[in-house]
Amino acid sequence: QVQLVGSGGGLVQPGGPLRLSCAAPGSVFSIYPLGWYRQAPWKQRDLVAAVTSDRSTNYASSVKGRFTISRDNAKNTVYLQMNSLKTEDTAVYYCNSVPYSNDSWGQGTQVTVSS
């Protein structure tokens with residue numbers, strides 16, 4: 001199994017934007033829906049956004065209207081555009097297939113929302 005590695009995290013002020021990227025191998029990208037998950041300290045890892053191969057999307061209620069997931073089929077890359085960030089969005093963000101594969105978790109990318 002190949003790990004999916006997200007990037008683009010960092011420190012941002014509340015209300016600011018951030019965009020995450022994740023390159024997936026073609027064997028995964030072309031077959032499975034892909035999603036962004038996040039895990040805050042002392043909390044479980046949750047799916048926050050998902051996109052299918054035909055670009056249908058779904059969002060957790062906590063991020064709907066603020067986050068946008070998209071995919072670039074030519075680059076086998078999935079993006080997560082995060083706007084109007086809140087302190088409660090602070091977490092490590094991971095990309096994986098939906099449903100996830102335990103063998104595909106990468107290290108994740110840290111997003112910290114703080115003034």
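The values are calculated or read from the model by the stated rules, or taken from the named source; none is laboratory data. This one's a predicted model, so the numbers in the text were calculated from it and none came from an experiment. Cβ: placed from backbone, ideal geometry, glycine included. Neighbour counts: every protein chain shown. Note: accessible area is taken over every heavy atom of the protein model, side chains too, but ligands, DNA and RNA are not part of it. Shrake-Rupley method; radii C 1.70, N 1.55, O 1.52, S 1.80 Å.
Annotations
- Looking at the chain, the accessible area is 54 square angstrom per residue; that uses a 1.4 Å probe and ignores ligands, DNA and RNA.
- Range in the chain, longest, excluding exposed trypsin sites (Lys or Arg not before Pro) [loop by DSSP; at most 14 other beta-carbon atoms within 10 Å]: 1-42
- Each residue, SER101 and SER21, gets one label point 7 Å from its Cα in the Cβ direction; the gap between the two is 2.2 nm.
- Residue-by-residue Karplus 3J(HN,Hα) for the range 72-84, coefficients 6.51, -1.76, 1.60, Hz, glycine and proline x: 10, 5, 5, 9, 6, 10, 10, 10, 10, 8, 10, 10, 6
- Separation of the ARG55 and ASN73 label points, Cα + 7 Å toward Cβ, nm: 0.9 nm
- Note on the chain: GNM, Cα springs under 10 Å; of GLN13, GLN44, GLN81, the largest mean-square fluctuation is that of GLN44.
- Electrostatic dipole magnitude of the range 11-72 [Cβ: Lys, Arg +1; Asp, Glu -1; Cα centre; debye, to 20]: 180 debye
- Computed over protein heavy atoms with a 1.4 Å probe, the carbon and sulfur contribution to the accessible area of the chain reaches 48%.
- Straight-line reach from LYS64: taking Cα to Cα under 18 Å and skipping same-chain neighbours fewer than 8 places apart, the aspartates and glutamates in range are ASP46, GLU88, ASP89.
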